[in-house]
Amino acid sequence: MSQRTNTAAAAGTWRLGDLTVNRLGFGAMRLTGTAPFDRGVPRDREQSIALLRRAVELGANHIDTAAYYFSTTRSANELINRALAPYPEDLVIATKVWPGRDASGAWWWATPEQLRGQVEENLRQLGRDHLDVVNLRVPPSRRTRAISDHFAALAELRDAGLIRHLGVSHVTAAQLTEARAIAPVACVQNPYGVGASSDDQALLHHCGELGIAFVPFFAIAGPGREAGPVAEDGEEVRAVARARRVSPAQVRLAWTLHQGPHVLAIPGTGDPDHLAQNMAVGALRLSAEELELIGLAATGGAA
């Protein structure tokens, strides 16, 4: 695969509400430090700005961010503003609220009444008068509890014109149903990738039936999540990577995109070479046999 000619657009498009985006986007989490939420040495500012511009050049017109993506001297939202404003007409920026971090980096969780302040913080940092997509990021402690109060508060901000579309993140199928009873849901953003559980698979397919975009995070990292890509890929993933002359990370990302036309991807990186590799996945088409082999092996269904 040529990394110079294959762009995110090769993966096709899907909708976030009434906004059409390329299925291969960009996650901003790793822009601000050598590790997510790093309080140590930040990444080079000009390199991060150049990387954002290159991501857009390669077809990433869906950028995922959050106000709580910051390090000692870097803010992902402010880097996006500096790199891309005035924003291209087709660029969609999605952010998340409910979690927050204070100046020391300590985490806190907003009440429904505090969500407006978080939305306005994103507006200020991004230099926007409205946000394209705001995902309600559900805390782990609320996975079995109602989210209606928080989602209703976001729906009011949507009605007020501060938000165009709403999404939910880290939710169960029941919470998705709860949110949809309050206001339209444009996307579900949940952890997903090779080795996903049966519940995760079911929610992905349910979103497809509803026509809702499913936006996996940690599609490359897998169980490693914030720590980065998995240290050990299964032999099936490595075998496909060798045969295709690509990296195991690219195979993982391609497998995820193959799970349905409504599946988007937002791989994040602060490295220009990794960015090029990620965007090149848009043109990587796995065979039915390769997909089955990887899927069965990840769930223990293959010898």
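The values are calculated or read from the model by the stated rules, or taken from the named source; none is laboratory data. Predicted, not measured: the structure shown is a model, and the values here were computed from it. When we count neighbours, we look across all protein chains shown, and the Cβ atoms used for this are built from the backbone with ideal geometry, even at glycine.
Would you point out the residue of the range 112-153, among those that are in contact (Cβ under 8 Å) with a residue 12 or more places away in the chain and exposed (fewer than 13 other Cβ atoms within 10 Å of the Cβ), that is nearest to H165 (Cα to Cα)?
Checking each candidate, the answer is D149.
Conditions first: (1) of a type outside the set (A, V, I, L, M, F, W, C); (2) surrounded by fewer than 19 Cβ atoms within 10 Å (Cβ to Cβ); (3) out of contact with any Pro (no Cβ under 9 Å at 6 or more places or on another chain); (4) modelled with pLDDT under 90. E289 passes all but one, so which condition is the exception?
In the conditions (1) of a type outside the set (A, V, I, L, M, F, W, C); (2) surrounded by fewer than 19 Cβ atoms within 10 Å (Cβ to Cβ); (3) out of contact with any Pro (no Cβ under 9 Å at 6 or more places or on another chain); (4) modelled with pLDDT under 90, E289 misses (4) alone.
Listed here are the residues, each with its yes/no results for (1) under 23 Å from V188 (Cβ atoms); (2) in contact with a strand residue (DSSP E or B) (Cβ under 8 Å, 6 or more places away or on another chain); (3) free of Cβ contacts under 8 Å to residues at least 12 places away in the same chain.
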residue: Q47; (1), (2), (3): no, no, no
residue: A66; (1), (2), (3): yes, yes, no
residue: S71; (1), (2), (3): no, no, no
residue: N81; (1), (2), (3): no, no, no
residue: P86; (1), (2), (3): no, no, yes
residue: W98; (1), (2), (3): yes, yes, no
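Can you give me the number of residues within the range 167-176 that are free of Cβ contacts under 8 Å to residues at least 40 places away in the same chain, closer than 17 Å to V215 by Cα and not in a loop (DSSP other than H, G, I, E, B)? So that I can check it myself, show each step before the final result.
Of the residues in the range 167-176, the ones free of Cβ contacts under 8 Å to residues at least 40 places away in the same chain are 168, 170-176.
If we keep only those that are closer than 17 Å to V215 by Cα too, we end up with 168, 170-173, 175-176.
Checking the rest, the ones that are also not in a loop (DSSP other than H, G, I, E, B) come to 168, 173, 175-176.
Here the count works out to 4.
Looking only at strands (runs of 3 or more DSSP E) that lie completely in the range 55-149, which have at least 3 residues being hydrophobic (A, V, I, L, M, F, W, C)?
Details: elements: 62-64, 92-97, 99-101, 107-109, 131-137.
Answer list for the range 55-149: 92-97, 107-109, 131-137.
Out of R82, R30, R53, R43, I need the residue that is at pLDDT below 95, surrounded by fewer than 23 Cβ atoms within 10 Å (Cβ to Cβ) and more than 30 Å from E209 (Cβ to Cβ). Which one? Talk me through it step by step, then tell me what you get.
Values: R82 fails: at pLDDT below 95; R30 fails: surrounded by fewer than 23 Cβ atoms within 10 Å (Cβ to Cβ); R53 fails: at pLDDT below 95.
The unique qualifying residue is R43.
Checking the condition of a type in the set (D, E) and modelled with pLDDT under 95, which residue from E156, E178, E236, E209 passes?
Values: E156 fails: modelled with pLDDT under 95; E178 fails: modelled with pLDDT under 95; E209 fails: modelled with pLDDT under 95.
Matching residue, one of E156, E178, E236, E209: E236.
Could we say that L19 is closer than 18 Å to I266 by Cβ, modelled with pLDDT of 95 or more, surrounded by fewer than 22 Cβ atoms within 10 Å (Cβ to Cβ) and of a type outside the set (G, A, S) here? Steps first, answer last, please.
Numbers: closer than 18 Å to I266 by Cβ: yes; modelled with pLDDT of 95 or more: yes; surrounded by fewer than 22 Cβ atoms within 10 Å (Cβ to Cβ): yes; of a type outside the set (G, A, S): yes.
Yes.
Given the conditions (1) surrounded by fewer than 22 Cβ atoms within 10 Å (Cβ to Cβ); (2) more than 17 Å from T7 (Cα to Cα); (3) in contact with a Ser or Thr (Cβ under 7 Å, 6 or more places away or on another chain), report the number of the one that P216 does not fulfil.
In the conditions (1) surrounded by fewer than 22 Cβ atoms within 10 Å (Cβ to Cβ); (2) more than 17 Å from T7 (Cα to Cα); (3) in contact with a Ser or Thr (Cβ under 7 Å, 6 or more places away or on another chain), P216 misses (1) alone.
Of the numbered conditions (1) surrounded by fewer than 23 Cβ atoms within 10 Å (Cβ to Cβ); (2) part of a helix (DSSP H, G or I); (3) of a type in the set (D, E, K, R); (4) touching a helix residue (DSSP H, G or I) at 6+ places or on another chain (Cβ under 7 Å), D233 satisfies every one except a single condition; which is it?
With respect to (1) surrounded by fewer than 23 Cβ atoms within 10 Å (Cβ to Cβ); (2) part of a helix (DSSP H, G or I); (3) of a type in the set (D, E, K, R); (4) touching a helix residue (DSSP H, G or I) at 6+ places or on another chain (Cβ under 7 Å), D233 is out only on (2).
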